[in-house]
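All remarks here apply to the structure that follows.
Every read-out reported here was derived from the displayed coordinates using simple, explicitly stated rules and does not represent laboratory data. Fair warning: this is a prediction, and the values are worked out from it, not measured in the lab. Ideal geometry is used to build each Cβ from the backbone, glycine not excepted, and the neighbour counts take in all protein chains shown.
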Amino acid sequence: MRNVVVKTGTTKEFFDQVRKSFQQIDRGEVPARSFTLTFEDPADMFAIMTPARLELFRAAKAEPASITALAHALGRDRSTVKRDVDLLVNAGLLDVADIPLRGHGRQKFVRALADEIHLRAVVA
C-alpha cells in the first residue's frame with residue numbers, strides 16, 4: 001500500500017514538482033515514490049473528500065468487502081455507496097476487483113489502495 005497526500009496547490013507548484021522529479025532522473029537519481037492529488041481550490045478538495053467518503057475509505061481499509069456489505073455496514077444506500085466508490089476509484093484511493101464466487105457468478109470487492117490519506121489545505 002501507499003500513503004496518499006490530498007492537498008491544495010497551484011498549477012505552478014505542480015509543474016515545479018514535476019520538473020524537480022525530472023531533474024533527479026537526469027542526474028541518475030530515483031525520485032521518491034509518491035501519490036498526490038492536488039486541487040487548486042480547497043472547496044473542490046472538500047467536495048471530494050467528504051466525511052462520508054472518508055468513512056467509506058476507512059471501512060474498506062479495515063475490512064475489504066462488497067459494495068453491498070459496505071453499504072450495510074455504514075447504514076447507507078447501496079447506490080450512494082456505489083457512486084462514492086466509483087469516485088474514490090477514479091481518485092486512486094480505492095480499487096474494485098471482480099472476484100469469482102464459488103459455484104455462481106462474480107462479486108465486486110472493494111479495497112483501499114492506501115495505508116493513510118494526508119489532507120492538507122491552504123485557505124488564503
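Round to the nearest 10 and give me the degree value, 0 to 90, for the angle of helix 78-90's Cα axis relative to the longest principal axis of the chain.
So the inclination is approximately 30 degrees.
Given (1) 125; (2) 253; (3) 143, which label gives volume of the Cα convex hull per residue in Å³ as computed from the coordinates?
Computing volume of the Cα convex hull per residue in Å³ and matching it to (1) 125; (2) 253; (3) 143 gives (1).
Distance between Cα centroids, segment 2-43 to segment 91-111: provide it in whole Å.
Going from one Cα centre to the other spans 31 Å.
As a footprinting exposure proxy, order Phe22, Phe109 by other Cβ within 10 Å, with the fewest listed first. All intermediate terms of the calculation are to be shown ahead of the outcome.
On the way: Phe22 11, Phe109 16.
Ascending Cβ contact count within 10 Å gives the list Phe22, Phe109.
Relative contact order for the chain: what is it in percent, counting Cα pairs under 8 Å that are at least 6 residues apart? Don't jump to the answer; show the numbers that get you there.
Values: 160 pairs, mean separation 45.0, N = 124.
Value for the chain: 36 percent.
Report the full-extension gain for the segment Asp98 to Arg33: residue separation times 0.36 nm, less the Cα-Cα distance, to one decimal in nm. Before the final figure, lay out the partial values.
Values: separation 65, 0.36 × 65 = 23.40 nm, distance 2.74 nm.
Difference between extended and current length: 20.7 nm.
Can you list the lysines whose alpha carbon sits under 18 Å from that of Lys108, skipping same-chain ones fewer than 8 residues off?
Lys61, Lys82
Hey, what do the phi angles of segment 26-31 turn into as Karplus ³J(HN,Hα) couplings, whole Hz, using 6.51/-1.76/1.60 and θ = phi - 60°, x for Gly and Pro?
3J(HN,Hα) across segment 26-31, in whole Hz: 4, 7, x, 8, 9, x.
Which order, highest average first, do 6-19, 48-61 follow once you tally other Cβ atoms within 10 Å for each residue and take the mean per peptide?
The peptides rank, most packed first, as 48-61, 6-19.
Roughly how tilted is helix 51-62, in degrees to the nearest 10 and between 0 and 90, from the longest Cα axis of the chain?
Its long axis makes an angle of about 70 degrees.
When you count, for each residue, the other Cβ atoms within 10 Å and take the mean per peptide, how do 28-34, 100-106, 77-83 rank with the highest first?
Details: 28-34: 8.9, 100-106: 7.3, 77-83: 14.1.
Top of the packing list down: 77-83, 28-34, 100-106.
How many percent of DSSP beta bridges within the chain run antiparallel, rounded to 5?
On the way: 9 of 20 bridges.
DSSP beta bridges in the chain are roughly 45 percent antiparallel.
Working out 0.36 nm times the residue gap between Ala47 and Phe15, then minus their Cα-Cα distance, what length gain in nm do you get to one decimal? All intermediate terms of the calculation are to be shown ahead of the outcome.
On the way: separation 32, 0.36 × 32 = 11.52 nm, distance 2.38 nm.
That works out to 9.1 nm of additional length.
Quick one: what are the phi-derived ³J(HN,Hα) couplings along segment 119-124, Karplus 6.51/-1.76/1.60 with θ = phi - 60°, whole Hz, x for glycine and proline?
For segment 119-124, the Karplus curve yields 9, 9, 10, 10, 10, 9 Hz.
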